[in-house]
Amino acid sequence: MSSLSERFKKVPIILARKNMSQISRDIGFSTTTVNNIATGNTKPRFEVMKAIAETYLQLNMRWLITGQG
């Protein structure tokens, strides 16, 4: 099973090839925060995951969080 950071790195591809900078702007968090999650340096706070869920309704949050779905 892949890690959350590995799945997080796939989000730009799933979201029509957005990059991490665009995602950070869309969700209202810094690029550093988003990149730290993608590299596995930090785990995402609830607020970040909530912002992703509210911004990208087409993204399967169950998959992002657990790897299932």
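The values are calculated or read from the model by the stated rules, or taken from the named source; none is laboratory data. Because the structure is predicted, anything quoted here is derived from the model rather than measured. So basically every Cβ, Gly included, is an ideal-geometry build from the backbone, and we count neighbours across all protein chains shown. Side chains are part of the model used for accessible areas, which takes the heavy atoms of the whole protein and leaves out ligands, DNA and RNA. Shrake-Rupley method; radii C 1.70, N 1.55, O 1.52, S 1.80 Å.
Report the Rg/Rh value for the chain, based on alpha-carbon coordinates and the Kirkwood definition of Rh.
0.91
At what distance in nm do the modelled label points of residue 62 and residue 30 sit from each other, each positioned 7 Å from its Cα along Cα→Cβ?
Between residue 62 and residue 30, the label points sit 3.5 nm apart.
Simple spin-label model, 7 Å along Cα-to-Cβ: residue 43 to residue 9 in nm?
Output for this residue pair reads 2.0 nm.
Calculate what fraction, in whole %, of the accessible area of the chain sits on carbon and sulfur atoms when a 1.4 Å probe is rolled over the protein chains.
Carbon and sulfur together cover 52 percent of it.
If you roll a 1.4 Å probe over the heavy atoms of the protein chains, what accessible area per residue do you get for segment 1-51, in Å²?
So segment 1-51 comes to 62 Å² accessible per residue, rounded to a whole number.
Quick one: compute the contact order of the chain, relative version, from alpha carbon pairs under 8 angstrom and 6+ residues apart, as a percent.
39
What ranking do 46-58, 19-31 get when scored by the average of other Cβ atoms within 10 Å per residue, highest first?
Per-residue mean Cβ counts within 10 Å order the peptides as 19-31, 46-58.
Measure off 7 Å from each Cα along the Cα-to-Cβ vector at residue 17 and residue 50, then give the distance between these two points in nanometres to one decimal.
Between residue 17 and residue 50, the simple spin-label model gives 3.4 nm.
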